[in-house]
1. If we keep just the residues of region 59-94 that are touching a helix residue (DSSP H, G or I) at 6+ places or on another chain (Cβ under 8 Å) and among the β-branched types (Val, Ile, Thr), which is nearest to residue 117 (Cα to Cα)?
2. Residue 16 is checked against (1) under 30 Å from residue 108 (Cα atoms); (2) surrounded by fewer than 10 Cβ atoms within 10 Å (Cβ to Cβ) and fails just one. What number does that condition carry?
3. If only one of 41, 54 is at pLDDT 75 or above, within 30 Å of residue 115 (Cβ to Cβ) and not basic (Lys, Arg), which one is it?
Amino acid sequence: MAQAKRRRRTKHRGNAAGVIEARGRTGRKPTAAEKGGKSADAARARETRLSRYDRPPTWRGAFIRASFAAVVLLVLALLLVHSPASAIAYFLFALVAYTPISYYTDVWMYRRRQRNKQRRAHGKAAAR
């Protein structure tokens, strides 16, 4: 038995020379992220980076960053000092010291970035 519903065909019209042209895209232009290729990947990376910079810093993020630094210090201390007790002491000291340093550095950078962003927005509004 034949298929009851036929597929809808797209419209192609020939021009005077007989060449068939497709209509092409109508509506709004696609953004760089919607287009394919390297520019789309770069646009997505830029958007995620900007959104990451717009989030305020957290103690958890500072602790994770300090943990990485303290682990590197622990490995170096184990290799250079050869005393596990003093290496662990260095690790704990670094973890306790680096966490607030990292947090307050992030807070300072965040506030500075927000101030500059606000100045740029006011500067563009005043120029109009």
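1. 71
2. Of everything listed in (1) under 30 Å from residue 108 (Cα atoms); (2) surrounded by fewer than 10 Cβ atoms within 10 Å (Cβ to Cβ), residue 16 misses just condition (1).
3. 54
One line per residue, one yes/no per condition, for (1) under 23 Å from residue 54 (Cβ atoms); (2) of a type outside the set (Ser, Thr, Tyr); (3) in a helix (DSSP H, G or I):
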{"residue": "77", "(1), (2), (3)": "no, yes, yes"}
{"residue": "88", "(1), (2), (3)": "no, yes, yes"}
{"residue": "97", "(1), (2), (3)": "no, yes, yes"}
{"residue": "103", "(1), (2), (3)": "yes, no, yes"}
{"residue": "108", "(1), (2), (3)": "yes, yes, yes"}
{"residue": "113", "(1), (2), (3)": "yes, yes, yes"}
{"residue": "123", "(1), (2), (3)": "yes, yes, yes"}
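The values are calculated or read from the model by the stated rules, or taken from the named source; none is laboratory data. What you are looking at is a predicted structure, and each value in this text was computed from that prediction instead of being measured. Glycine also receives a Cβ, built like all others from the backbone with ideal geometry; neighbour counts cover every protein chain displayed.
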